[in-house]
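The next block holds one structure in the form of structure tokens; read it before the comments.
The values are calculated or read from the model by the stated rules, or taken from the named source; none is laboratory data. A quick note: this is a predicted structure, and the numbers were derived from the prediction, not measured. Positions of Cβ are generated from backbone atoms using ideal geometry, with glycine treated the same way; all protein chains shown enter the neighbour counts.
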Amino acid sequence: MPRRGNVSMSVIRRLPRYYRFLNHLKDKGVTRISSTELSVKLGLTASQIRQDLNCFGGFGQQGYGYIVSQLCDEIANILSLSNGYRTILFGAGNLGRAIGTHMSFRQEGFQLIGVFDNSPSRVGKELANLIVRDVSEMEEFCRKEKPVVAVFCLPREAAAELTEKLYGMGIRNFWNFSHFDLAMEYPDAIVENVHLSDSLMTLCYRISNPPVEK
């Protein structure tokens, strides 16, 4: 079995989809499912699903399938969803407020402990049960609270300056909604980029170029 650090990112990126769907099945009272049934529901091949899960040990039984609740727990363990990584969010505008309010950080493996902004109209307001702090308080806050993850919901220029400070304080993990390319500037950082406009443009292409029916 390959070491987890050597598992391809394409496999890792499918795990949250498996986890989300299996939790949906569990909530509906489904107790057992085969890889073939999963493949029909997810639009993947049964072989692909088995190969993905076999990277971490398999978990199914031939002729019996997967126990839904058990597989949910196994995938949660693989994704380290119980770690509660201490997280700070920058940008309390529309996007930051949506992320802070509607993301279930604890369920996804993180603990949101601080929110920062530089706008006087936002500082002092409440977001996700936290008081928005001025960015000038960031360094003192980080020394005391020791966050390990930063979420960027701010413009590219602000992200570039902020990253340098955070990196200097030892923060190496970023969930990046800005258009600043952290990975290019800081190759040893762990960065998950979320470009909503890229997704929208991809949708535009797919609508304009539908697949040819065979």
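Gly109 falls short on exactly one of the conditions (1) at negative phi; (2) not assigned by TED's automatic domain parsing to the domain that holds Asn23, and that condition is (1). Scanning segment 93-117 for residues that are under 14 Å from Ala150 (Cβ atoms) and not in a strand (DSSP E or B) turns up Gly96, Ile99, Gly100, Phe105. Regarding Glu145, is this residue surrounded by fewer than 16 Cβ atoms within 10 Å (Cβ to Cβ), in contact (Cβ under 8 Å) with a residue 24 or more places away in the chain and assigned by TED's automatic domain parsing to the domain that holds Ser178? Yes: the conditions hold for Glu145. In summary, Tyr66 fulfils each of the numbered conditions (1) part of a strand (DSSP E or B); (2) out of contact with any Gly (no Cβ under 7 Å at 6 or more places or on another chain) with the single exception of condition (2). Once segment 79-130 is narrowed to residues that are more than 13 Å from the chain's Cα centre (by Cα) and of a type in the set (Val, Ile, Thr), the residue that is modelled with the lowest pLDDT is Thr101.
Among the residues making up segment 1-16, those that are modelled with pLDDT of 90 or more and either exposed (fewer than 13 other Cβ atoms within 10 Å of the Cβ) or in contact with a His (Cβ under 7 Å, 6 or more places away or on another chain) (or both) are Ser8, Met9, Ser10, Arg13.
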